[in-house]
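The values are calculated or read from the model by the stated rules, or taken from the named source; none is laboratory data. None of the values given here were measured: they were computed from a predicted structure. Because the Cβ atoms are built from the backbone with ideal geometry, glycine has one as well, and the counts that use them run over all protein chains shown. For accessibility, only protein heavy atoms count, side chains too; no ligands or nucleic acids. Shrake-Rupley method; radii C 1.70, N 1.55, O 1.52, S 1.80 Å.
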Amino acid sequence: MNSASRLNSGSGIESRPDPRLLSIVVPFYNEEEVIPHLRRRLSEFLPRLPCPAELVLVNDGSRDSTLKALQEWAACDPHITVISLSRNFGHQAAATAGLDYVQGDAGVLMDADLQDPPEVILEMLAEYRRGYDVVYAQRNGRTGESLAKRGAAWLFYRLMHLGGYHNLPADTGDFRLISTPCLQALRSMRETHRFIRGMVSWVGFPQTAVRFKRPPRVAGKTKYGLGRMLWLAWAGALSFSPMPLRVVFGLGVIVAAATVGIGIYAVGSMLLHYYVVRGWTSIMFTLCLIGSFNLIGLSMVGEYVAKIFEEVKGRPLYIIDPVRSRNLKADDEPVAAEVFGSSSVPSRPGK
């Protein structure tokens with residue numbers, strides 16, 4: 001830290017200069033309609049940055065002409081790296097691939113559809129200079145999204161908090177700046193089922209937010225519908241908390257209490273000579289209740305066992321297609337196992 005650095009009063013963090021190189025990671029999946037808009041917007045924005053920047057563009061097995069457009073873009077600029085995955089591994093795996101290959105002192109992860117405005121990066125850099133290692137973009141509005149989508153997003157974060165993950169900032173996506181120390185910690189976490197925004201919160205380091213109003217998609221259709229959002233919430237809950245099992249335990253207690261109540265009712269009915277078809281109601285109700293609870297409990301445990309099974313196989317998080325990737329530098333290529341995104345982390349020169 002140079003002499004210009006100072007300790008921000010009362011914050012416990014040290015100020016620092018702009019990164020020597022800023023890496024911007026953008027995953028793509030079937031975004032051919034978006035690329036011209038993104039390319040024009042970034043071409044206008046990057047000269048405004050107070051530091052040099054590189055673009056790490058990750059093609060997540062797109063089936064349209066996304067890869068061709070990215071290759072043409074990279075052919076015009078040596079500061080653009082295109083990483084093409086061998087198939088669609090999912091947004092979180094594609095984002096991981098991009099973050100594994102950044103060269104900068106800080107990396108920014110953003111979506112391709114321009115719902116994450118590049119201009120917000122300037123505010124992120126201001127917080128980075130103050131000393132924060134993670135600066136996440138927190139939405140204070142969602143323009144152009146349906147009521148169902150906004151409601152699902154609202155419910156997503158509240159369910160995660162109820163699930164026991166209280167450190168996850170509400171109304172934030174993966175759009176954030178991550179410094180090298182935090183990025184190195186994040187790279188050491190190679191679990192198969194990834195929930196990057198939760199992982200970044202878990203590793204700690206000084207973190208803060210910048211607020212922005214999220215604009216609508218510039219083109220194309222969202223690849224993250226309600227179903228995928230709910231699946232991401234489910235994956236995050238299972239990956240970060242045993243709370244679902246505890247919920248099942250709570251349901252078991254409720255079922256047990258209900259069963260005791262039914263037993264008291266049955267005995268009381270017999271003693272008071274109420275007319276009932278003896279045993280039928282209580283038996284059927286109890287059987288249905290306990291049977292349903294057993295199925296829910298077994299399914300929940302099965303989910304955890306399945307995740308353990310997938311983890312112990314040790315399969316790569318992603319597989320890079322080196323033939324279709326562009327501008328991967330010779331001294332930057334990991335060894336054979338790492339090219340396929342194994343549990344080991346790609347080595348970074350000078351890191």
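Using packing as a proxy for protection, rank 305-316, 34-45, 13-24 so that the peptide with the highest average count of other Cβ atoms within 10 Å comes first.
My ranking of the peptides, most packed first, is 13-24, 34-45, 305-316.
Tell me, what is a quarter of the convex hull surface for the C-alpha atoms of region 1-132, in nm² with one decimal?
One quarter of the hull surface, i.e. the mean projection, equals 8.7 nm².
Going from most exposed to least, what order do W154, W73 have by accessible area with a 1.4 Å probe?
W154, W73
Using a simple spin-label model with points 7 Å from Cα along the Cα→Cβ vector, what separation in nm is obtained for R211 and A170?
Spacing of the two 7 Å Cα→Cβ label points: 1.3 nm.
Taking the Cα centre of each part, how many Å lie between region 56-73 and region 77-104?
After rounding, the separation between the Cα centres reads 11 Å.
Using only the alpha-carbon atoms, what does region 49-125 span along each of its principal axes? Please give whole angstrom values in decreasing order.
Each principal axis gives a Cα extent; for region 49-125 these are 35, 27, 23 Å.
Taking amide H atoms as placed 1.01 Å from N in the peptide plane, list the residues 5 or more away in sequence, or in a different chain, whose amide H sits under 5 Å from that of Q138.
V210, R211, F212
For a quick protection proxy, order the peptides 93-105, 51-63 by their average other-Cβ count within 10 Å, most packed first.
Ranked by mean Cβ neighbours within 10 Å, highest first: 93-105, 51-63.
Would you calculate the separation in nanometres between label points at M300 and L251, each defined as 7 Å from the Cα along the Cα-to-beta-carbon direction?
Roughly 0.6 nm, to one decimal.
Determine the gain in length on full extension of the stretch E14-W202; use 0.36 nm per residue of separation and subtract their C-alpha separation, reporting nm with one decimal.
Here the answer is 65.6 nm.
Obtain the nm distance between the two label points defined at I264 and E123 by a simple spin-label model: each point lies 7 Å from its Cα along the Cα-to-C-beta direction.
Placing both labels 7 Å beyond Cα along the Cβ direction yields 5.6 nm.
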